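Student: Provided herewith is a single structure, encoded as C-alpha cells, for subsequent inquiry.
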Amino acid sequence: MMWNISAGSSSEGILSSMSQELVPASSSAFPGEFGAIASPRKPVVGKKRLKPHPNIVQVIRAFTSTVPLLPGATVDYPDVLPSTLNPSGIGHSRTLFLVMKNYPYTLRQYLCERSPSPRLATMMLLQLLEGVDHLVRHGVAHRDLKSDNILVEIDSAGFPGLVITDFGCCLADEKIGLKLPFSSWYVDRGGNSCLMAPEVVTATPGPGVVIDYTKSDAWAVGAIAYEIFGTGNPFYGRAGVALESRSYRDEELPPVPEVAPPEVKKLVGRLLRRDPAMRLSARVAANVLHLGLWGEDLLSQKELRLNKMVGWLLHQSAATLLVDRLGGESSVETRLKRCFLANLDYQELCEAAALLCAWRSMAL
C-alpha cells in the first residue's frame, strides 16, 4: 500500500502521480478488475516498462482501492491516513496497491543480522551491478539506491538473493532516456541526497544543462559495497568517516574492509570516481567480478587469447545449462551466470579482463 498525500482519490490522478512505481510492472499486472488503473493496451504514457530480471523486483498486480484501517495504523503511520480514518490525517481515501513477492529482509536488516563471507558478499555486490546494468540497458535510472530499497531472500543453498525495489524516484521517460534536462531547481533530481552521484548533486540548472544518469546508480552501488563488506557507508558519516558526494576527493575514500578480495577493493574505488568518464560502467564492473569469481583458469594464462576466451565462455555456458537442467530451480549463482552470458559483449569482457590482470600485476 502506497502513501497517497497528493495524488487525489481518482484512479487517473493516482496513476499519473505514482506512475514511476509501475516501471517494474509487466502488462499482466493490470487485470482489469478490482479498481485496476490501466490495461495492457493502455500503458502509462511516456513511461518505460522494465522486462523481468532476477535482480529487479517484479510487480505482479497493481490496482487502486480504498485505504483500509490496518492493525497498528493509527500508531505507525497516523499522518498519512485519510480524514475518514484519522481526523488529523492528510492522506486521501484511495491509493495505489502493488502486489509483489514477500521478502524476509531488506539489505540493511540482513546485514544487521548476518556477516556474509567474502565470496557471498562479492556475489551480493555482483547482483546489484547486474540489476543496475539491466536498468541502464532499458534507459532507466533508479536514483534512490540504498540498503533499505534492496530486498533479500535466501535460496536453498543459503545464498542471499538481492532485488532492487522502490522505483518512486526513478527516471524512466521514453523521450529523454537517462539524460534529464535541468533547466531549474524545480526539476526533480531523485531521492537520497547522501548517495546522489557527484555529477547529479553538483549540477547547476540553466539553459541547455543536462544531467546524465548513465553511471549514477553504479556510483551508489560502490558506496553500498562498504556496507556489504561489513563497515559503515562513508557517505552516511559512519565508521569515523564523513564524506559528502558534493565535495569529496577520490583519494579521501576509506579503504574497503580487509576481508574483501583485492579486485573488489580496486573495483569500489573505480565505481566511486567523481568523474563519470573515469568511472566503471555497471556492466564492466560486473564482468570484473564474474571473472574474479569463476574465471581463474582464464586469468592464469600469460596472454588473453581469443580462442582461450571462447573456450572459457563455452565451458561456462555448458555448465550453466547443465545445472539448470539437472538442478530444477536456479540458484543465485546460476542466475548470475545466466545474466552474464545473456549480456555478453566481447569488448566489455576484454576491458574487464585487462583491468583485472593489471590490478593483479600491480599487487605482485
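The values are calculated or read from the model by the stated rules, or taken from the named source; none is laboratory data. Please read all numbers here as calculations on a predicted model, not as lab measurements. FYI the Cβ positions are ideal-geometry reconstructions off the backbone, even for glycines, and counts take in every protein chain you see.
Student: For segment 55-80, enumerate the residues that are of a type outside the set (S, T, Y) and under 28 Å from the mean Cα position of the chain (by Cα).
Tutor: N55, I56, V57, Q58, V59, I60, R61, A62, F63, D76, V80
Student: A follow-up question, please. How many residues are farther than 24 Å from A29 by Cα and outside any helix (DSSP H, G or I) if we restrict to segment 106-116?
Tutor: Matching residues across segment 106-116 total 3.
Residue-by-condition table, conditions (1) charged (D, E, K, R); (2) in a loop (DSSP other than H, G, I, E, B); (3) within 22 Å of M123 (Cβ to Cβ):
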| residue | (1), (2), (3) |
| --- | --- |
| V163 | no, no, yes |
| F167 | no, yes, no |
| S184 | no, yes, no |
| E199 | yes, no, no |
| P205 | no, yes, no |
| G222 | no, no, yes |
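Student: Which residue out of G232, G311 is in a loop (DSSP other than H, G, I, E, B) and farther than 18 Å from L355 by Cα?
Tutor: Result: G232 is the single residue among G232, G311 that is in a loop (DSSP other than H, G, I, E, B) and farther than 18 Å from L355 by Cα.
Student: A further question on this structure: Suppose we filter L291, L313, L304 for residues that are crowded, with 21+ Cβ neighbours inside 10 Å, of a type in the set (A, V, I, L, M, F, W, C) and modelled with pLDDT under 95; which single one remains?
Tutor: That would be L291, the only listed residue that is crowded, with 21+ Cβ neighbours inside 10 Å, of a type in the set (A, V, I, L, M, F, W, C) and modelled with pLDDT under 95.
Student: With (1) free of Cβ contacts under 8 Å to residues at least 60 places away in the same chain; (2) within 18 Å of G232 (Cβ to Cβ); (3) surrounded by 15 or more Cβ atoms within 10 Å (Cβ to Cβ); (4) over 15 Å from the mean Cα position of the chain (by Cα) as the list, and P116 as the residue in question, which single condition is left unmet?
Tutor: That leaves (1) as the condition not met.
Student: Also: Kindly provide the set of residues from segment 237-283 that are charged (D, E, K, R), over 23 Å from N192 (Cβ atoms) and not in a helix (DSSP H, G or I), ordered by number.
Tutor: E258
Student: Specify which of the listed residues (L120, L128) is out of contact with any Leu (no Cβ under 8 Å at 6 or more places or on another chain), outside any loop (DSSP other than H, G, I, E, B) and within 19 Å of T231 (Cβ to Cβ).
Tutor: Within the list L120, L128, the selection yields L120.
Student: So how many residues does segment 60-96 have that are of a type in the set (A, V, I, L, M) and not in a loop (DSSP other than H, G, I, E, B)?
Tutor: 6
Student: Here's a follow-up. In this structure, does E258 turn out to be under 30 Å from S317 (Cβ atoms) and surrounded by fewer than 17 Cβ atoms within 10 Å (Cβ to Cβ)?
Tutor: Against the criterion (under 30 Å from S317 (Cβ atoms) and surrounded by fewer than 17 Cβ atoms within 10 Å (Cβ to Cβ)), E258 does not qualify.
Student: Scanning segment 144-160 for residues that are touching a helix residue (DSSP H, G or I) at 6+ places or on another chain (Cβ under 7 Å) and either charged (D, E, K, R) or not in a strand (DSSP E or B) (or both), which turns out modelled with the lowest pLDDT?
Tutor: Among residues in segment 144-160 that are touching a helix residue (DSSP H, G or I) at 6+ places or on another chain (Cβ under 7 Å) and either charged (D, E, K, R) or not in a strand (DSSP E or B) (or both), the one modelled with the lowest pLDDT is D155.
Student: So how many residues does segment 201-241 have that are crowded, with 16+ Cβ neighbours inside 10 Å and at negative phi?
Tutor: Looking only at that region, the number is 27.
Student: Moving on. Can S281 be described as of a type in the set (S, T, Y), at pLDDT below 85 and either over 30 Å from E251 (Cα atoms) or out of contact with any Cys (no Cβ under 8 Å at 6 or more places or on another chain) (or both)?
Tutor: No; evaluated as a whole, the condition is false for this residue.
Student: Right, another one. Does segment 141-150 contain at least one residue that is more than 22 Å from W3 (Cβ to Cβ) and not assigned by TED's automatic domain parsing to the domain that holds T334?
Tutor: Yes; the residues of segment 141-150 include at least one that is more than 22 Å from W3 (Cβ to Cβ) and not assigned by TED's automatic domain parsing to the domain that holds T334.
Student: Here is a follow-up. With the structure loaded, tell me whether A172 is under 30 Å from V59 (Cα atoms) and either modelled with pLDDT of 95 or more or among the polar types (S, T, N, Q) (or both) or whether it fails that test.
Tutor: No.
Student: A further question follows. Given the conditions (1) in contact with a strand residue (DSSP E or B) (Cβ under 9 Å, 6 or more places away or on another chain); (2) over 21 Å from P116 (Cα atoms); (3) touching a residue at least 60 places away in the same chain (Cβ under 8 Å), which single one is not true for L162?
Tutor: (2)
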